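Everything below concerns the one structure shown next.
Quick note: the coordinates plus some simple rules give every number you see, no bench work behind them. Keep in mind that what you see is a predicted model, and the values were worked out from it rather than measured. Cβ atoms come from the backbone with ideal geometry, glycine included; neighbour counts cover every protein chain shown.
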Amino acid sequence: MQEVLKIEGLTKRYGAIRAIDGLSLEVQKGQVFGILGPNGSGKTTTLGILLDITRPDRGTFSWFGQKPTHLARRRIGATLESPVFYPYLSAINNLKIIANIKGIGYQGIDDVLELVGLYGRRHSKFRTYSLGMKQRLAIASVLMGDPEVLIFDEPTNGLDPQGIAEIRNLIIDLARRGQTIILASHLLDEVQKTCSHVAILRRGQKLFSGPISALSKETEVLELSSDDPEKLASALKEIDEITDIKKEGNLLLVNSRGRFTAAELNGLLHDKGIMLSHLNLRHKSLEQEVLKLLEEPA
Amino acid sequence: MKELLKIEWLKLKSYRAFWIMVGLYLAILFSIIIGLPSFLDFLAQKTNDNVYINAFKIVAFNFADIWQNIAYVAGWRWSIKIFLALLVLIFISNEFTFLTIRSNIMHGLSRTQFMLGKLSVVFLLTLISTVALFVAGMYLGLMFSATKTIGAIFGRIYFLGAYFLELFTYLTFALLIGLLIRKTGFAIITLLSYNFLELILQYYVNDDYQKFLPVNAINGIITGVNSSMLKVKTPEFDMSMILQEHLSPLSIGVCLAYLALFLGAIYLYLKWRDL
């Protein structure tokens, strides 16, 4: 695995507010990395620091295993907050500026405009665009020059449902081709549909980081009961892998954390001479789990 | 550097308001300089001092001295160079208003490169103004000058160099204010009101140190007109009081020091601040 981005202990304060607080993350090549959190959780501040818009108070980060410089940023395609272009310039001229900044030719401009469906309006001034068109031009600018990493900050903000579906499909398509993507979003659904990995932020702190699948395994709960609940409980405590056991009515709830299946647990208990009267795998929805994570007091 | 200038060119090429202002500035500059002889005629008519004014008119546009005289008029602190400063304020604060400074940095310009691009535009504006002044001076001189030898024509042309330094420093000052204030309207108000503020400030500063105040310093190289033929002192009027003959190395040094200070402040601001 090739490391694309490594963040260590990043902190940024605005007065008394800690926008991000000791954030550490790693993104590997080929990952579609979601940064998920409610508004004000520090997503844009983090991306701003990674793109040299915002100066961190503490902490370091590296792009492609090197100290971050403007040359590293040329290998990245990024959007930050709302689409930003010169309002009095056409789409083409705006993209020409970016091409010159990145040190690439103009030959890719038509292609990216075609891809986001703006080719027909390529000579119109940016200020005449609708919000959806502005958002799509931002996506086109991200794709300019085939960058090694793409950063999308709330890419579907302000789009109609059809636009949202288009952009998501585009991201999924890019991901399939092995493109490394960092996506900040407050929409769980969006992250779930597009990302392979996720970091959940709340008030500038990381609550969870890992593969999306780990987050779903986190939510698998086994419901158990037997005729002798006390014997069952003590048997479960003897199994090392089991870390938390909860009681709900006459059911015992065991979080498997993906380490064993229902059948394996049944086998283990059977060996200990326990017959289960009830065994059920309960899936909590990812949404419930994330909401729970976000609601926990800091 | 060429790449940075190209990026700035792409930003300005289709910015109509910018070109209208540049055109307007040049038109006003030409009409002021070329209109100077008629203005002196007008003054002579209106006042009782017409002997002096007429005498001045005869010698003011003679080659060699003409460069100092028109550079003084074009570089006067309340004159049209404010127009150019407004242009600079607009094109730097626009980058903050549109947030395009962020996209420039994000897509791969370093903060220093961004500023070098802006400074190269400031440099070009200064150059355009200086060249325009040269053209206007050549026209006036060839029309009115008694001496037209090559030696006379280019004799004191270094006053255009002094004009260039004053203007470049002044526009860099405007660039710094635009960067610090970020909002076009406030930046314009700040720049203009600082001119007045310094007048008040000057009142409290010892005469010897007044020339070290920033706006005085960046207008302090060319302090007045000259005419080598008017060096005669008359009992009632000592012309040498208002006539400047040479460039003072101290005033050039002070101006350069302010230029360095402004550039340093711009560099440090961009190094540390969030955009």
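Along its first, second and third principal axes, ordered by size, chain A spans 76, 41, 34 Å in Cα coordinates. Based on the Cβ-Cβ distance of A:Asn39 and B:Leu197, what FRET efficiency does E = 1/(1 + (r/R0)^6) give at R0 = 41 Å, to the nearest 0.05? After rounding to 0.05, the efficiency reads 0.45. Between the range A:1-79 and the range B:157-228, the C-alpha centres lie 42 angstrom from each other.
Taking other Cβ within 10 Å of each residue's Cβ, how do B:Ser93, A:Ser141 sort, fewest first?
B:Ser93, A:Ser141
Note the per residue figure in Å³ for the convex hull of the C-alpha positions in chain B. If you can, show how the numbers build up before the last one.
Numbers: hull volume 42.2 nm³, N = 275.
Convex hull volume per residue, Cα atoms: 153 Å³.
Once you list every other residue whose beta carbon is under 15 Å from the beta carbon of A:Pro83, what net charge do they have if Lys and Arg are +1 and Asp and Glu are -1? Let's see the in-between values first.
Working: positive: A:Arg121, A:Lys125, A:Arg127, A:Lys134, A:Arg136, B:Arg102; negative: A:Glu81, A:Asp153, A:Glu154.
Around A:Pro83, the surrounding residues sum to +3.
A simple count of charges around B:Glu166, restricted to other residues whose Cβ falls under 11 Å of its Cβ and scoring Lys, Arg +1 and Asp, Glu -1, yields +2. Our note on the geometry: Cα centres of the range A:177-233 and the range B:1-24, 51 Å apart.
Step through the table entries A:Lys12/B:Lys271; A:Lys96/B:Lys2; A:Lys29/A:Lys134; B:Lys118/B:Lys271; A:Lys6/B:Lys11; A:Lys102/A:Lys134, compare each Cα-Cα distance with 27 Å, and write down the pairs that go over it.
Values: A:Lys12/B:Lys271 16 Å; A:Lys96/B:Lys2 15 Å; A:Lys29/A:Lys134 29 Å; B:Lys118/B:Lys271 16 Å; A:Lys6/B:Lys11 34 Å; A:Lys102/A:Lys134 21 Å.
Among A:Lys12/B:Lys271; A:Lys96/B:Lys2; A:Lys29/A:Lys134; B:Lys118/B:Lys271; A:Lys6/B:Lys11; A:Lys102/A:Lys134, the Cα-Cα distance tops 27 Å for A:Lys29/A:Lys134; A:Lys6/B:Lys11.
Sorting B:Ile105, B:Ile70 by the number of Cβ atoms found within 10 Å of their own Cβ, with the fewest placed first, yields B:Ile105, B:Ile70.
For A:Ile167, the shell of other residues with beta-carbons less than 14 Å away shows a net charge of -3, using +1 for Lys and Arg and -1 for Asp and Glu.
Simple spin-label estimate for A:Ser130 and A:Gln2 gives 4.0 nm between the two label positions (7 Å along the Cα-to-Cβ direction from each Cα).
The longest stretch of chain B left intact once loop-based GluC sites (Glu not before Pro) with at most 15 other Cβ atoms within 10 Å are removed from consideration, loops following DSSP, is B:1-235.
Taking the Cα atoms only, what angle lies between the long axis of helix A:229-238 and the longest principal axis of chain A, rounded to 10 degrees? Orientation of helix A:229-238: about 60 degrees from the principal axis. Per residue of peptide B:92-103, the mean number of Cβ atoms on other chains within 10 Å of the residue Cβ is 4. For B:Lys46, the lysines whose Cα falls under 27 Å of its own Cα, not counting residues fewer than eight places away in the same chain, are B:Lys57, B:Lys231, B:Lys233.
The phi-based Karplus calculation (6.51 cos²θ - 1.76 cosθ + 1.60; θ = phi - 60°) puts the 3J(HN,Hα) values of the range B:164-173 at 4, 5, 4, 5, 4, 5, 4, 6, 5, 4 Hz, whole numbers, x for Gly and Pro. Extending 7 Å from Cα along the Cβ direction at A:Arg75 and again at A:Asp111 yields two label points whose distance is 2.0 nm. Between B:Ser38 and B:Ile157, the contour length at 0.36 nm per residue exceeds the alpha carbon distance by 40.5 nm. Please list, or write none, the aspartates and glutamates whose alpha carbon is within less than 15 Å of the alpha carbon of B:Lys148, excluding same-chain residues fewer than 8 places away. Counting by Cα, and skipping residues close in sequence, B:Lys148 has these aspartates and glutamates nearby: B:Asp65.
Kirkwood-type hydrodynamic radius, the protein assembly as shown: 28.8 Å, calculated from all non-identical alpha-carbon pairs.
Here the label points at B:Asp208 and B:Trp76, each 7 Å from Cα along the C-beta direction, are separated by 3.1 nm in the simple model. Annotation: lysines with alpha-carbon distance below 29 angstrom to A:Lys246 (same-chain offsets under eight excluded): A:Lys206, A:Lys217, A:Lys231, A:Lys237, A:Lys272, A:Lys284, A:Lys292.
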